[in-house]
Amino acid sequence: QPDALFGACGGGGLLSGSYLAKELLSPITQVFGVEPETANDATYSYNEGRIYRFDDSPKTIADGVRTLSLSPRTFHYIQHIDGFIEVEEKNIYYWVQWLSHILKVTIEPTAALAMAGACKWLATHTSKKRILVLLSGGNSSPEVQKHVWQANYLDQLPEHKQ
């Protein structure tokens, strides 16, 4: 039973489904959504108790979370998770590169969000934690991959400010 589960949040389907699954399988596990700082409509919605909607698609390399808002169906469940973690754009690039390097698979920027959020959360704890990180999808266009690899983000560890 993991202490915490981390997943990227766009429209909320993956995260609300993960919440429902953990309720059945491991009710004590905390669930955290992860969003880029520039595409944080779910964080606003969670904090305000109502669905926040962007006017335009947010600017982020994580194209899977460029949604304008959560859906009412997913928002109902997302209100019950344990919180959201916002990630700086440069940390998304870092985790795409690092995960691709160690796992030897294509990692899309949206999937890297979950790992970035998990590491940011772990940095706030002193005891060992068992976590589950959802690395969903490998749908990354050649253009996005080229953009991600234009600079070496592995030379500097990401910051974990709260």
### Task
Please find, among L113, L68, L132, the residue that is more than 20 Å from A39 (Cα to Cα) and of a type in the set (A, V, I, L, M).
L132
### Message
So V148 passes all but one of these: (1) open to solvent by 20 Å² or more (accessible area, probe 1.4 Å); (2) more than 27 Å from S26 (Cα to Cα); (3) more than 13 Å from the chain's Cα centre (by Cα). Which condition number does it fail?
### Response
(1)
### Query
For the range 100-111, how many residues meet the condition of being assigned to a helix (DSSP H, G or I), out of contact with any helix residue (DSSP H, G or I) (no Cβ under 6 Å at 6 or more places or on another chain) and not β-branched (V, I, T)?
4
### Message
Pairs needed: first member in the range 116-141, aliphatic (A, V, I, L, M); second member anywhere, part of a loop (DSSP other than H, G, I, E, B); C-beta distance under 7 Å; at least 6 residues apart or different chains.
### Response
A116/P158; L122/K129; A123/H160; I131/P2; I131/D3; L132/P2; L135/I107
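Quick one: would you say A21 is surrounded by 18 or more Cβ atoms within 10 Å (Cβ to Cβ) and either free of Cβ contacts under 8 Å to residues at least 12 places away in the same chain or of a type in the set (A, V, I, L, M, F, W, C) (or both)?
It is false that A21 is surrounded by 18 or more Cβ atoms within 10 Å (Cβ to Cβ) and either free of Cβ contacts under 8 Å to residues at least 12 places away in the same chain or of a type in the set (A, V, I, L, M, F, W, C) (or both).
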### Query
If you take the residues of the range 58-102 that are open to solvent by 80 Å² or more (accessible area, probe 1.4 Å) and either charged (D, E, K, R) or free of Cβ contacts under 8 Å to residues at least 40 places away in the same chain (or both), which of them is farthest from P27 (Cα to Cα)?
K59
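Every residue, every condition in (1) among the charged types (D, E, K, R); (2) touching a Gly at 6+ places or on another chain (Cβ under 8 Å), yes or no:
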| site | (1), (2) |
| --- | --- |
| N40 | no, no |
| Y46 | no, yes |
| Y52 | no, no |
| D55 | yes, no |
| R66 | yes, yes |
| T74 | no, yes |
| Q79 | no, yes |
| D82 | yes, no |
| K90 | yes, no |
### Message
Can you confirm whether I51 is surrounded by fewer than 23 Cβ atoms within 10 Å (Cβ to Cβ), in contact with a Phe, Trp or Tyr (Cβ under 9 Å, 6 or more places away or on another chain) and β-branched (V, I, T)?
### Response
yes
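State yes or no: is E108 more than 30 Å from A151 (Cβ to Cβ), surrounded by 13 or more Cβ atoms within 10 Å (Cβ to Cβ) and acidic (D, E)?
The answer is no for E108.
The values are calculated or read from the model by the stated rules, or taken from the named source; none is laboratory data. Keep in mind the model is a prediction, meaning the values are calculated, not measured. Positions of Cβ are backbone-derived with ideal geometry, glycine not excepted, and every protein chain shown enters the neighbour counts. Keep in mind that these areas ignore ligands, DNA and RNA; they rest on the heavy atoms of the full protein, side chains included. Shrake-Rupley method; radii C 1.70, N 1.55, O 1.52, S 1.80 Å.
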